[in-house]
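The values are calculated or read from the model by the stated rules, or taken from the named source; none is laboratory data. Remember, it's a predicted structure, so these values are computed and weren't measured experimentally. As a convention, Cβ positions derive from the backbone with ideal geometry for all residues, glycine included, and neighbour counts pool all protein chains shown. For the accessible areas, the whole protein counts, side chains as well, though only heavy atoms, and no ligand, DNA or RNA atoms are used. Shrake-Rupley method; radii C 1.70, N 1.55, O 1.52, S 1.80 Å.
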Amino acid sequence: MQDTFVDDILTGADSPDSALVQRSQLIALCKQGQFQLRKWVSNSSVILQAVSGNERSMSTDVLFDDELEAGLKILGMQWNPKQDNFSYSFQCPNASILSDLARIFDPLGFLLPVTFLAKHMMQLLWTSGIG
């Protein structure tokens with residue numbers, strides 16, 4: 001319930017064994033609703049070996065390649081499986097800061113401290129009548 005956003009599941013486990021148990025439970029649960037889980041990705045080669053090649057998001061070689069700088073896009077952010085970290089990229093505003101703020105996709109709320117402050121500042125500017 002806490003790791004699902006629309007049709008994406010983003011979760012983790014303390015060990016490869018518990019991750020494989022979670023994987024089996026997810027597959028069984030989704031199968032009851034006639035859903036097939038695809039695009040599996042992990043930073044563990046043990047887990048990826050349990051996933052058939054056509055169910056993976058990309059090959060194991062690409063996942064652990066040093067060339068994978070940007071990472072994989074997951075729920076509006078990039079995840080680097082080799083380093084196991086999340087990052088965001090953002091372009092400087094062009095025409096309207098407000099429209100750029102509205103375009104930020106952050107369903108997990110990691111950027112909330114920054115976006116909340118920026119939106120609050122925009123609200124203060126609007127209520128004070130500053131153009």
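List of remarks:
- The modelled label-to-label distance for the pair Q83/V6, using points 7 Å beyond Cα in the direction of Cβ, is 2.7 nm.
- Cut-off 20 Å (backbone N to label point 7 Å along Cα→Cβ of L112), residues of the stretch 1-29: 1-12
- Within a Gaussian network of the chain (alpha carbon springs, distance under 10 Å), most fluctuating of S52, S96, S44: S96
- Between L29 and S15, the contour length at 0.36 nm per residue exceeds the alpha carbon distance by 2.9 nm.
- Proximal lysine pairs, the chain, alpha carbons under 19 Å, eight or more residues apart or interchain: 4
- Estimated FRET transfer efficiency when R0 is 35 angstrom, pair S99-I74 (beta carbons, to 0.05): 0.90
- Portion, in percent, of the accessible area of the chain that falls on carbon or sulfur, probe 1.4 Å: 56 percent
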